[in-house]
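Inspection log for the structure reproduced underneath, given as structure tokens.
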Amino acid sequence: MKQTIPDGVYPTLITPYEEDGSIDWNALEALIEWHIARGVAGFFAVCQSSEMFHLTLRERLELARMSIKFAQGRVPVLVSGHVADTLYDQIEEAKMMADTGADALILVTNRLAGRYESDDILKRNLEAFLTAFQNDILLGFYECPAPYKRLLNADLVQFIVKTRRFGFLKDTSCRVGDMQAKIEAAKGSNFKLFNANAATLLASLQKGAAGYSGIMTHFHSDLYVWMCKHWNDQPDGALELQDFLGLTSVIEYQIYPINAMYALQREGLPINLVSRRVDAQQFTESMRLEVEQLMGLSHRFSEAYRD
């Protein structure tokens with residue numbers, strides 16, 4: 001079992017589709033190559049950006065396998081696909097996902113306890129999960145916003161760290177204080193926090209976050225790579241870049257992942273504007289112009305922030 005994963009940027013891979021709604025494997029391979037060329041540390045596949053709640057189990061397993069195949073061992077691939085409701089089904093699902101050859105299996109915090117259930121229920125269910133799930137694979141957690149957002153706290157992080165099985169958290173709290181508390185709770189362990197929120201990225205790195213894993217990677221993953229590598233040794237540049245990254249992240253409030261697919265089209269990738277979660281017809285002319293203008297500015301920043 002890997003004891004840890006590298007710091008840096010982990011794009012939350014979208015699922016490209018053919019016009020008929022089937023998964024477009026050629027487009028997925030092109031997307032992975034595009035990100036690797038920009039220096040990402042790894043990938044988070046079969047996640048909410050991948051529309052995992054709208055994929056069959058067979059599709060989720062194949063998406064994990066193909067993401068790993070296309071990465072070719074150059075960078076680690078973390079997979080989730082943790083969508084089942086019952087604990088038994090979650091365990092069986094996790095065993096199959098672990099067998100894909102992924103470098104880590106990422107559990108979704110809201111799957112292990114209901115919206116109104118206590119953290120004690122989550123702990124009890126996690127203990128039962130770990131007892132039944134003996135696969136030799138590094139585990140992680142994802143504070144997925146759907147179907148509801150369940151955030152970890154410092155107490156839960158300490159509990160998780162003591163299991164010695166977990167090495168990754170995709171944090172969606174969007175609050176620096178919360179992230180700092182989790183980072184401090186995990187001190188001395190291999191448990192790493194990756195921020196999903198662009199506006200708080202620099203502040204979270206300064207508090208000890210290991211990197212970024214968010215949807216804005218599909219617009220300019222190279223800029224997030226630069227930030228995670230140079231926030232400490234080039235502080236003035238990092239401050240300027242943070243202003244840009246935080247402001248441009250408001251594009252998330254458009255129709256995602258269609259807007260990301262359109263941005264990637266503008267980058268020359270063969271990705272259709274097809275989603276199982278949202279209606280591409282709602283992607284207006286004004287939204288397209290906003291993405292085009294954002295990408296124009298992104299290219300200027302990419303020229304200025306080259307290694």
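The values are calculated or read from the model by the stated rules, or taken from the named source; none is laboratory data. Note that the structure is a prediction, hence the values are computed from the model and not measured. Backbone-built Cβ (ideal geometry, glycine too); neighbour counts: all protein chains shown.
Values as computed for the structure displayed
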read-out: Complete set of residues in segment 110-162 that are acidic (Asp, Glu), farther than 20 Å from residue 178 by Cα and either modelled with pLDDT of 95 or more or in contact with a Phe, Trp or Tyr (Cβ under 6 Å, 6 or more places away or on another chain) (or both); value: 117, 127
read-out: Cβ pairs under 6 Å, 6+ apart, first in segment 146-167 and under 27 Å from residue 51 (Cα atoms), second loosely packed, with under 12 Cβ neighbours inside 10 Å and of a type in the set (D, E, K, R); value: 148/115
read-out: Residue 86 vs. criteria in contact with an Asp or Glu (Cβ under 7 Å, 6 or more places away or on another chain) and among the hydroxyl-bearing types (Ser, Thr, Tyr); value: no
read-out: Number of the exception - residue 93 against (1) without any contact (Cβ under 8 Å) to a residue 40 or more places away in the chain; (2) assigned to a loop (DSSP other than H, G, I, E, B); value: (2)
read-out: Residue in segment 51-73 that is among the small types (Gly, Ala, Ser), outside any helix (DSSP H, G or I) and within 21 Å of residue 166 (Cβ to Cβ) present; value: no
read-out: Some residue of segment 276-292 being surrounded by 13 or more Cβ atoms within 10 Å (Cβ to Cβ), over 21 Å from the mean Cα position of the chain (by Cα) and closer than 30 Å to residue 56 by Cα; value: yes
read-out: Answer residue from segment 231-261, given it is aromatic (Phe, Trp, Tyr) and within 19 Å of the chain's Cα centre (by Cα) and is surrounded by the most Cβ atoms within 10 Å (Cβ to Cβ) among those; value: 256
read-out: Residue satisfying condition, being surrounded by 15 or more Cβ atoms within 10 Å (Cβ to Cβ), among the aliphatic types (A, V, I, L, M) and in contact with a Leu (Cβ under 6 Å, 6 or more places away or on another chain), within set 271, 215; value: 271
read-out: Any chance residue 80 is within 19 Å of the chain's Cα centre (by Cα) and either modelled with pLDDT of 95 or more or of a type in the set (Ser, Thr, Tyr) (or both); value: yes
read-out: Filtered residue count, segment 127-184, keeping only those that are in a strand (DSSP E or B) and in contact with a Gly (Cβ under 8 Å, 6 or more places away or on another chain); value: 8
read-out: Which numbered condition residue 215 fails, given (1) within 17 Å of the chain's Cα centre (by Cα); (2) in a helix (DSSP H, G or I); value: (2)
read-out: Residues (part of a helix (DSSP H, G or I), farther than 15 Å from residue 215 by Cα and of a type in the set (A, V, I, L, M)) located in segment 246-293; value: 280, 287, 289
read-out: Verdict on residue 186 being farther than 25 Å from residue 298 by Cβ, at pLDDT below 95 and surrounded by fewer than 24 Cβ atoms within 10 Å (Cβ to Cβ); value: no
